[in-house]
1. If only one of 146, 110, 115, 135 is surrounded by fewer than 16 Cβ atoms within 10 Å (Cβ to Cβ) and touching an Asp or Glu at 6+ places or on another chain (Cβ under 8 Å), which one is it?
2. State all residues of the stretch 45-87 that are under 28 Å from residue 105 (Cα atoms), exposed (fewer than 14 other Cβ atoms within 10 Å of the Cβ) and among the hydrophobic types (A, V, I, L, M, F, W, C); if no residue qualifies, say none.
3. Report yes if residue 179 is out of contact with any Pro (no Cβ under 8 Å at 6 or more places or on another chain) and either among the small types (Gly, Ala, Ser) or modelled with pLDDT of 95 or more (or both), otherwise no.
4. Suppose the filter is within 20 Å of residue 11 (Cβ to Cβ), small (Gly, Ala, Ser) and modelled with pLDDT under 95; does residue 204 pass it?
5. Could you say whether any residue in the stretch 125-143 is among the charged types (D, E, K, R), out of contact with any helix residue (DSSP H, G or I) (no Cβ under 7 Å at 6 or more places or on another chain), at pLDDT 95 or above and within 30 Å of residue 47 (Cβ to Cβ)?
6. From the set of residues in the stretch 165-190 that are touching a residue at least 24 places away in the same chain (Cβ under 8 Å) and assigned to a loop (DSSP other than H, G, I, E, B), which is farthest from residue 13 (Cα to Cα)?
7. In the stretch 1-36, which residues are surrounded by 13 or more Cβ atoms within 10 Å (Cβ to Cβ), assigned to a helix (DSSP H, G or I) and of a type in the set (A, V, I, L, M, F, W, C)?
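The values are calculated or read from the model by the stated rules, or taken from the named source; none is laboratory data. As the structure is a prediction and not an experimental result, all values here were calculated from the model. Every residue, glycine among them, receives a Cβ derived from its backbone with ideal geometry; neighbour counts consider all protein chains shown.
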Amino acid sequence: MAAMLPQISQLLQLQERDQRIRALQKELKDIPKNEALARSQLAGDLAAVEAAQQKAKEIEVRIKSLELDIQTRQNSIKRLQNQQFETRKNDEFQALGVEVQRYEREVGGLEDQELELMETLETAKAAIQAAQTRLAGTQARVDEELKALVARAGGVQQRLEAEQAERHSLATPIDPGPLDLYNRLFAKKPDAAVVALENGICGGCHMKVVIGTLQQLRQNEGITQCESCGRILYLVE
């Protein structure tokens with residue numbers, strides 16, 4: 001490597017610190033996304049619990065409807081039986097008896113349906129319990145993940161503050177002109193503002209520089225930038 005300008009050496013140290021800071025800032029920024037991702041794990045289990053509860057409610061509504069239908073027919077049976085006791089006509093008594101039998105058959109059929117639905121309801125309640133158990137397990141796991149993310153965020157924040165303090169110490173002795181140029185470049189470049197020029201190729205944009213740029217670097221008299229991407233160059237030969 002050719003002799004390096006003191007300013008370039010200073011900027012490279014600063015850049016290393018800035019790259020760490022950028023990585024920590026990204027990590028800190030990603031934590032809310034990771035928290036949302038962790039919480040999203042609950043969505044499927046929550047939906048399963050809600051679906052199981054909804055199914056049970058629907059069965060309960062059907063049972064209630066059957067109970068009302070049974071009660072209505074039992075009331076009709078009592079009414080018809082009262083009419084039987086009051087009538088003195090044999091044919092009317094028999095006709096009322098036929099109606100009573102019809103309602104009794106209907107009540108029997110409705111009660112059979114009710115028993116089947118009661119069994120189905122028990123199965124539905126067991127499904128609710130199973131879904132809630134799965135949800136509780138997922139919730140516990142998600143809570144642990146969220147707790148770890150909170151601790152991680154605190155640790156990253158502390159490291160970030162330490163790096164920023166170090167960055168300030170490194171930036172203070174650098175001449176304002178080169179520092180300002182570096183700051184503007186680093187804000188725009190996703191990787192680096194100061195890169196090596198090796199075999200005539202810029203380490204940032206990977207374009208071959210013109211002879212004048214190479215000669216300027218060899219003279220080593222001041223800051224040299226890549227004419228393609230504007231990054232600050234240092235020579236490696």
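1. Going through 146, 110, 115, 135 in turn, the sole match is 146.
2. Passing the criteria: 61, 68, 85.
3. So residue 179 passes the test.
4. Answer is no for this residue.
5. yes
6. Among residues in the stretch 165-190 that are touching a residue at least 24 places away in the same chain (Cβ under 8 Å) and assigned to a loop (DSSP other than H, G, I, E, B), the one farthest from residue 13 (Cα to Cα) is 189.
7. 8, 11, 12, 14, 21, 23, 24, 28, 31, listed by residue number.
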